[in-house]
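Worksheet: one structure, shown below.
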């Protein structure tokens with residue numbers, strides 16, 4: 001499967017950024033004084049995730065590659 005990070009360093013960079021932005025979102029979200037900023041971080045996270053291909057190209061509801069790690073980042077794990 002060529003949609004993995006080992007074959008495409010650009011996709012790997014996007015995945016890494018999405019994890020970092022997900023972590024930033026989680027931190028901002030926990031700080032109630034940063035709510036507007038947390039929503040902006042969430043939008044940045046979603047935009048980055050959309051740049052990655054889906055796990056199953058033929059299914060429109062499949063997740064983008066690296067979804068589990070990215071999701072964990074938004075939950076503060």
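Values quoted throughout were computed directly from the atomic coordinates according to the rules given, and no laboratory measurement underlies them. Treat the numbers as computed from the prediction; the structure is a model and nothing was measured.
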- Message: Defining a contact as two alpha carbons under 8 Å apart and six or more residues distant in sequence, what relative contact order in percent does the chain show?
- Response: 38
- Task: Please work out the Kirkwood hydrodynamic radius for region 32-74, using every pair of different C-alpha atoms, and report it in angstroms with one decimal place.
- Result: 11.6
- Note on the structure: The helix 35-50 Cα axis meets the longest alpha-carbon principal axis of the chain at an angle in degrees, between 0 and 90 and rounded to 10, of 0
- Note on the structure: Mean shadow area (nm²) of the C-alpha convex hull around the chain is 5.1
- With everything on Cα atoms, drop me the angle between helix 9-30 and the longest principal axis of the chain, reported from 0 to 90° to the nearest 10. 20
